[in-house]
Amino acid sequence: MIEVNNTSILITGGAGFIGSNLCEYFLSKGYKVTCLDNFSTGHRHNLKLSFENPNFRLIEGDIRNLSDCQNAVNGVDYVLHEAALGSVPRSIKDPITTNDVNVSGFLNMLVASRDAKVKRFVYAASSSTYGDSVGLPKVEDVIGKPLSPYAITKYVNELYADIFSRTYGLETIGLRYFNVFGRKQDPNGAYAAVIPKFVAQLMQLESPKINGDGNYSRDFTYIDNVIQMNELAMTTKNPDAVNTVYNTAFGDRNTLNNLVNYLKEFLSVYDERISNVAIEYGPNREGDIPHSLASIDKAKALLGYDPQFSMQQGLKEAIDWYWNNMK
């Protein structure tokens, strides 16, 4: 077992949606937590509770600067690397910046972690790596060609992590996130994730617009399942469980039409008018994969992963948070 009180974790991108949830969770467990963030997409208000904890430290810096990475990993036992520029559309519009952050920044963090003799480097990979692979469910060792610059960068992360494990002995674990949602996810901006964006629109009695006919499907994954996977990946003592990648999901899929219907149903508990809001449809989004469903057998077998929240259960939790924090 890890000696929690003497263990220090660096969470890059710790002011973002997933990162800030990880900061709060590990602080609540008694770990010392350092957050590295440049606040390009993260928010200080996400760290409100973390700032109240004496075991929390914020470093404002950029993973594109090697010196910032070296400063952040100093004295750190484990790295949870969440910092990245997400969004397929953003990567199509600006592939250079996406590559600089997601590839060059990732390499900087690997080099800094290697040199600091970090015990393990757990990083956010992506289901976009499956690309044009049509088989369902998605199994870790069967991928297709990437469909966006973003997907390329996340696959390159896996290749670099594998090389650093083989060449330098740095323990790495990649977590291929599948459509993560939950508290603190930003509903604003051009590249907002679909769930908080739809929730915000429905709360304002505005019609959400679905890309395509709504029959594309996703393995929507609640944030608490992701937190569990990060903890298991960081703490596992199973030698067969490291230097590999895992799907991080619930293992079920829902269409976008199903998603919106659930959102309307759960939100109408707070405002019954929401049940009558119409849904709009637009063209399919470039670079989107039609269907996504994860096999989580590998994570169950090697890490003991046991996700507790289905999409519906997670939506109820998330909507309660949004209703009380977004109005």
For this session: Could you let me know the centre-to-centre spacing of the stretch 76-113 and the stretch 268-316, using Cα atoms, in angstrom?
Result: 25
Exercise. If you build a Gaussian network model of the chain, linking Cα atoms that sit under 10 Å apart, which residue out of ALA83, ALA193, ALA301 swings the most?
Worked result: ALA301
Seminar exercise, completed: Excluding ligands, DNA and RNA, the carbon-plus-sulfur percentage of the accessible area of the stretch 151-270 with a 1.4 Å probe reads 45
For this session: Apply 1/(1 + (r/R0)^6) to the Cβ-Cβ distance of ASN188 and ASP240, taking R0 = 45 Å, and write down the FRET efficiency to the nearest 0.05.
Result: 0.60
Problem set entry | Theoretical ellipticity at 222 nm over the chain - DSSP helices of four or more residues, -39500 (n - 2.57) apiece, nearest 500 | -11000 deg cm²/dmol
Problem set entry | Cα-based Rg and Dmax for the stretch 81-223, where Dmax is the largest Cα-Cα distance (Å) | 16.7, 55
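In the stretch 54-117, carbon and sulfur make up what percent of the accessible area (probe 1.4 Å)? Let's see the in-between values first.
Numbers: 1300 of 2800 Å².
The nonpolar share, carbon plus sulfur, comes to 46 percent.
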Problem set entry | Mean-position separation - Cα centroids, the stretch 135-181 and the stretch 1-23, in angstrom | 21
Exercise. Quick one: net charge of ASP132's neighbours, Cβ under 14 Å, K/R +1, D/E -1?
Worked result: 0
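With the alpha-carbon atoms as the only input, what is the per residue convex hull volume for the chain in Å³? Before the final figure, lay out the partial values.
Details: hull volume 39.0 nm³, N = 327.
Expressed per residue, the convex hull around the Cα atoms of the chain is 119 Å³.
Rounded to the nearest whole Å², what accessible area per residue is found for the chain with the 1.4 Å probe? Mind showing how you got there, number by number?
Numbers: 14300 Å² over 327 residues.
Ligands and nucleic acids excluded, the result is 44 Å² per residue.
The values are calculated or read from the model by the stated rules, or taken from the named source; none is laboratory data. Computed from a prediction, not measured in an experiment: that's the story for all the values here. Glycine also receives a Cβ, built like all others from the backbone with ideal geometry; neighbour counts cover every protein chain displayed. Heads up: the accessible areas ignore ligands, DNA and RNA and are worked out on the full protein's heavy atoms, side chains in. Shrake-Rupley method; radii C 1.70, N 1.55, O 1.52, S 1.80 Å.
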